[in-house]
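The values are calculated or read from the model by the stated rules, or taken from the named source; none is laboratory data. Here the structure is a predicted model, which is why all the values come from computation and not from measurement. When we count neighbours, we look across all protein chains shown, and the Cβ atoms used for this are built from the backbone with ideal geometry, even at glycine. Accessible surface is based on the protein model in full, side chains and every heavy atom, while ligands, DNA and RNA are left aside. Shrake-Rupley method; radii C 1.70, N 1.55, O 1.52, S 1.80 Å.
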Amino acid sequence: MTTPSAADGARPASSGGRAPSPAATTTNPAGRPAQEPPLLELRGVGKNFGPVRALSDIDLTIPVGQVTALVGDNGAGKSTLIKTVSGIWQPDHGEILWRGRPVHLHSPKAATDLGIATVYQDLALCDNLDIVQNMFLGREEMKYFQLDEISMELAAKQTLADLSVVTVRSIRQPVGSLSGGQRQAVAVAKAVMQQAQLVIMDEPTAALGVTQTRVVLELIDQLSSRGIAVLVISHNLNDVVNVADRVAVLYLGRLAAVAPIKDLDTGTIVELMTTGRSSRVAATPGEPAHATSQPGAGPGTPTAGGTPGNGTVGHHTGEAP
Amino acid sequence: MSTETHQPAESAESGDELAVEAAIASPEVIADSLGEYLRLLFRRIRSGESGALPVTIGLVAIVIYFQARNSLFLSPGNLVNLLIQGAPYIILGMAEVFVLLLGEIDLSVGYSGAVCAVITAWSVFSVPWWVAILLGLATGAVIGTIFGLLITRLRLPSFVVTLSGLLGYEGLMIVLVARSGHGPGGSIPISNTIIDDLTEGNLSPVAGWIVMVVIVAVAAAILLLRDRQRRAANLVTPPLSVTGLKILVMAVAGVVVVLVGNADRGTALVSLRGVPWVVLIVLGVLAVWTVLLGRTRFGRYVYAIGGNAEAARRAGVSLNAVRTLCFTLAGVTAAIAGIVLASRLGSISTDTDGGQLVLFAVAAAVIGGTHLFGGHGKMINALLGGLVVAAIYNGLGLLGMSAAATYIVTSLVLLAAVTVDALSRRGSRAT
Ligand SMILES: Nc1ncnc2c1ncn2[C@@H]1O[C@H](COP(=O)(O)OP(=O)(O)OP(=O)(O)O)[C@@H](O)[C@H]1O
Ligand SMILES: [Mg+2]
């Protein structure tokens with residue numbers, strides 16, 4: 001186990017072993033390199049369910065305005081991790097920092113109030129309410145002691161338009177009548193309207209068709225281009241490669257690696273997911289947060305050479321268009 | 001018209017989506033002409049997502065049936081009688097809507113309403129009539145709140161808690177009647193003429209017209225004003241023809257009620273005419289509860305909890321508070337129904353059949369289109385469903401059917417309504 005207190009080095013700028021990561025430099029304006037604390041930082045976070053160690057010793061930073069993909073095999077602890085960040089579970093060990101300040105996320109509401117919005121696997125929308133009602137649920141606007149439907153509808157319409165969500169016929173139709181992608185869009189728009197700064201999505205494209213998946217991926221792009229950080233769980237490495245700036249790989253409750261997407265190819269990711277280590281990325285489960293900055297992962301090595309077992313996904317640069 | 005148009009790239013998938021949307025969305029939000037409105041309305045009904053229309057059609061069919069069997073059915077005297085008979089069922093149905101919307105049920109509303117009526121009938125011997133009514137309503141609030149707290153804090157199933165209420169409050173009612181000293185024969189008479197007049201009294205024919213015109217005008221103004229505000233904000237607005245049709249339906253219903261009420265239903269010796277007050281009580285309860293459910297945060301949260309309690313919780317809604325308040329309001333509404341019932345009967349008796357009342361209440365709500373599993377329904381559903389129940393009850397009575405036959409027919413209608421509800425749910429989930 002590493003000592004959680006050594007977590008200062010978990011900053012994005014700490015990629016000592018390699019050329020400056022473009023991901024890290026884009027977040028830090030030229031004037032103040034590495035001074036601004038990351039949006040969210042986990043230090044030594046652990047979570048047990050009885051004897052099951054769902055998470056142990058997670059050190060992870062989420063920088064502003066970037067898409068971080070969280071991958072891992074079934075049961076690796078991805079859902080547990082985001083539930084910890086969104087206030088559903090409290091960590092048993094470690095601490096969570098928001099913009100550099102330790103915070104206690106004792107309830108989902110506490111997380112939402114900070115600006116952490118979670119779009120759940122099971123979609124926390126009410127099927128019987130319409131789009132506007134869902135987007136304002138819990139934050140309804142009032143006028144003369146009555147719900148101000150008109151201003152809510154206008155705001156909802158504007159937000160959907162800003163996110164280029166144009167496929168719904170009426171924003172007064174019940175969410176139950178929407179397709180999976182449209183529902184995701186509504187949930188994301190709700191988060192945006194509530195001034196979220198970090199949007200967490202658990203398998204947003206699972207069960208979606210090709211077109212709908214594209215809609216959701218474009219939405220994620222929209223979010224990051226508006227400076228909103230995104231933490232997205234996905235089993236679909238195609239999606240990950242398409243949309244993510246950084247990848248965090250969980251293996252049996254430990255962080256096996258965190259790296260900019262351009263430094264990883266799908267073969268390496270799969271290897272990390274299934275074995276917790278990779279010959280190309282010298283990560284050890286005991287030293288998770290610095291996996292990408294280990295000496296073994298010298299410049300140029302990670303993506304060098306074709307990766308076996310992966311024909312379809314090219315070696316994208318990771319910068320989603 | 002609307003800015004939310006279909007993206008061409010989506011059109012391959014949106015053909016099916018359109019059908020689903022049209023089936024589930026309220027027609028006025030997507031129709032832009034009267035013709036399209038009617039077409040969408042029809043498609044919606046066919047897909048099982050009922051509105052007020054099926055129950056209205058059912059009501060018309062029942063009326064035609066009974067009128068064909070006995071021409072007295074549509075006589076003004078009988079129709080007014082039907083309204084007065086139906087009022088307690090309608091109001092109890094509205095009480096039930098509060099809890100059905102949550103996906104819960106309250107089996108005790110019949111007897112808790114009766115207990116409240118006992119409190120009012122008893123206290124009016126010594127306090128002014130309005131204090132007596134307030135005491136009755138407060139009793140309903142306390143009863144409902146206790147149930148709400150048991151159900152939310154101890155996480156007991158509402159079915160079982162209110163089932164115990166069904167039994168317990170019958171016992172309490174009998175004890176109270178005996179203790180009051182006013183009910184030696186097992187019933188407390190209503191000793192106050194105003195409370196008696198809640199159902200016995202009538203508006204004068206002129207007052208009936210004035211009140212009707214005012215109500216329709218206010219409702220029409222609210223609808224038109226809302227449309228105008230939406231149009232001014234550049235939002236999709238129902239076409240004028242659709243709103244006009246709604247106003248027309250309201251006006252026709254109002255004229256019919258006043259014409260029926262104002263027709264002389266007395267004997268050759270004594271003339272009796274005028275719309276009964278109880279019609280205004282029912283409309284008043286309907287209006288207040290409709291505004292509460294439709295225009296306030298509380299109402300929104302009731303629907304949200306019924307639709308997806310977890311989503312509501314994550315949105316910061318206090319589930320326990322909203323649920324408890326629903327049971328409180330159901331208790332208050334049941335008290336209103338109990339007082340109206342006592343007013344109609346001229347007394348509140350230990351023979352009051354709270355079990356039958358609750359069956360009629362649930363039937364009224366569900367026949368009217370309220371879902372048993374929460375999230376869908378309106379107060380107006382209880383009005384329409386309550387009229388159906390009252391029509392069956394009244395009509396079978398006119399045909400000389402026994403009470404047993406009335407129970408059986410009502411339970412069959414309830415069963416049919418629940419079946420339709422469950423099937424339409426299954427249907428909409430399959431899409
Ligand atoms: N509420 C719970 N109670 C007990 N154990 C739990 C609970 N939630 C998760 N776990 C355990 O924690 C571990 C991590 O589960 P988690 O749901 O986080 O995995 P995941 O990475 O999201 O998997 P998947 O890809 O299947 O969604 C698993 O061993 C799981 O059994
Ligand atoms: Mg999961």
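Can you put B:His182, A:His93 in order of accessible area, largest first, using a 1.4 Å probe?
Values: B:His182 60, A:His93 85 Å².
I get A:His93, B:His182, largest accessible area first.
Grab the DSSP H runs of chain B that are 4 residues or longer, score each as -39,500 (n - 2.57), total them, divide by all residues and round the 222 nm result to the nearest 500 deg cm²/dmol.
Details: 17 runs with 321 residues, N = 431.
Computed ellipticity for chain B at 222 nm equals -25500 deg cm²/dmol.
Going by a 1.4 Å probe on protein heavy atoms, which residues of the range B:312-331 end up with at least 40 Å² less accessible surface in the whole assembly than in their chain alone?
B:Arg314, B:Ala315
Using a 1.4 angstrom probe on heavy atoms only, work out the carbon and sulfur share of the accessible area of chain B in %.
On the way: 13000 of 18790 Å².
Percent of accessible area from carbon and sulfur atoms in chain B: 69.
Which percent of the accessible heavy-atom area of the range A:121-195 goes to carbon and sulfur, probe 1.4 angstrom? Each step should come with its number before you reach the end.
Working: 1260 of 2520 Å².
Roughly 50 percent of what the probe reaches on the range A:121-195 is carbon or sulfur.
Name the residue, out of B:Ser271, B:Ser349, B:Ser158, whose mean-square fluctuation peaks in a Gaussian network model built on chain B with Cα pairs under 10 Å.
The residue with the greatest mean-square fluctuation here is B:Ser271.
Would you please classify the overall shape of the range B:225-311 from the alpha carbon gyration tensor, given that a ≥ b ≥ c denote the square roots of the eigenvalues, rounded means a/c under 1.5, and beyond that prolate means a/b larger than b/c while oblate covers the rest?
Working: a/c = 4.00, a/b = 1.73, b/c = 2.31.
Because a/c hits 1.5 or more and a/b fails to exceed b/c, the range B:225-311 counts as oblate.
Say the dipole of the range B:285-409 comes from +1 at the beta carbon of Lys and Arg and -1 at that of Asp and Glu; which of B:Ile367, B:Thr324, B:Gly355 then lies farthest toward its positive end?
Final value for the positive-end residue is B:Thr324.
Rounded to the nearest 100 Å², what is the sum over both chains of accessible area buried where A meets B, with a probe of 1.4 Å? Spell out each step's value before the answer.
Details: alone 14410 and 20720 Å², together 31310 Å².
Separately minus together, A and B give about 3800 Å² buried.
When a/c reaches 1.5 or more, the comparison of a/b and b/c decides; with that in mind, is the range B:234-278 rounded, prolate or oblate per its Cα gyration tensor?
Cα axes put the range B:234-278 in the prolate bin.
Rounded to the nearest 20 Debye, what is the dipole magnitude of the range A:121-195 about its Cα centre when Lys and Arg each give +1 and Asp and Glu each give -1 at the C-beta? It would help to have the intermediate numbers written out before the result.
Working: 7 positive and 9 negative charges, 31 e Å.
Here the size comes out at about 140 debye.
If each residue of separation counts as 0.36 nm, what is the full-extension length gain between B:Arg230 and B:Ser271 once their alpha-carbon separation is subtracted?
9.9 nm
Name the residue farthest towards the positive end of the dipole of chain B from the options B:Leu198, B:Ser71, B:Ala268, assuming +1 on Cβ of Lys and Arg, -1 on Cβ of Asp and Glu, about the Cα centre.
Looking along the dipole axis, the top candidate is B:Leu198.
Which of these, B:Val115, B:Val278, B:Val255, has the largest mean-square fluctuation under a Gaussian network model of chain B (Cα springs below 10 Å)?
The residue with the greatest mean-square fluctuation here is B:Val255.
Have a look at B:Ile348, B:Ile215, B:Ile392 and tell me which one the Gaussian network model of chain B (Cα, springs below 10 Å) gives the largest fluctuation.
B:Ile215
Ignoring ligands and nucleic acids, what accessible area does B:Asp264 show with a 1.4 Å probe (Å², nearest 10)?
So the heavy atoms of B:Asp264 present about 70 Å² to solvent.
Could you put B:Val413, B:Val282 in order of accessible surface area, largest first, with the 1.4 Å probe and the full protein assembly present? Can you show the working numbers first?
Working: B:Val413 40, B:Val282 10 Å².
These residues rank, largest area first, as B:Val413, B:Val282.
Quick one: net charge of B:Val161's neighbours, Cβ under 11 Å, K/R +1, D/E -1? Write down the numbers at each step before the final one.
Working: positive: B:Arg155; negative: B:Glu104, B:Asp106.
Local charge sum for B:Val161: -1.
Let me know the mean shielding of B:233-240 by other chains, meaning the per-residue number of their Cβ atoms within 10 Å of its Cβ.
Working: counts 6, 3, 7, 6, 0, 0, 0, 0.
Mean partner-chain Cβ count within 10 Å for B:233-240: 3.
Any of A:Lys78/A:Lys109; A:Lys109/A:Lys143; A:Lys143/A:Lys190; A:Lys190/B:Lys246; A:Lys47/A:Lys190 with alpha carbons more than 26 Å apart? Name them for me.
Working: A:Lys78/A:Lys109 21 Å; A:Lys109/A:Lys143 24 Å; A:Lys143/A:Lys190 21 Å; A:Lys190/B:Lys246 33 Å; A:Lys47/A:Lys190 29 Å.
Among A:Lys78/A:Lys109; A:Lys109/A:Lys143; A:Lys143/A:Lys190; A:Lys190/B:Lys246; A:Lys47/A:Lys190, the Cα-Cα distance tops 26 Å for A:Lys190/B:Lys246; A:Lys47/A:Lys190.
Give the shape of the range A:121-195 as rounded, prolate or oblate, defined through the alpha-carbon gyration tensor: a ≥ b ≥ c are the square roots of its eigenvalues, a/c under 1.5 means rounded, and otherwise the shape is prolate if a/b is larger than b/c and oblate if not.
prolate
Placing +1 at every Lys and Arg Cβ and -1 at every Asp and Glu Cβ, with all other atoms neutral, what dipole size does chain B have around its Cα centre, in debye to the nearest 20? Kindly include the intermediate steps, with their values, before the conclusion.
Details: 26 positive and 23 negative charges, 85 e Å.
Here the size comes out at about 400 debye.
Efficiency by 1/(1 + (r/R0)^6): what FRET value for B:Val252 and B:Ala287, r their Cβ-Cβ distance, R0 = 25 Å, to the nearest 0.05? Each step should come with its number before you reach the end.
Details: r = 19 Å, r/R0 = 0.75.
For R0 = 25 Å, the calculated efficiency reads 0.85.
Evaluate peptide A:126-139: per residue, the Cβ atoms of other protein chains within 10 Å of its Cβ; return the mean as an integer.
On the way: counts 13, 8, 12, 9, 3, 1, 0, 4, 5, 0, 2, 13, 11, 3.
Counting Cβ atoms of other protein chains within 10 Å of each residue's Cβ and averaging gives 6.
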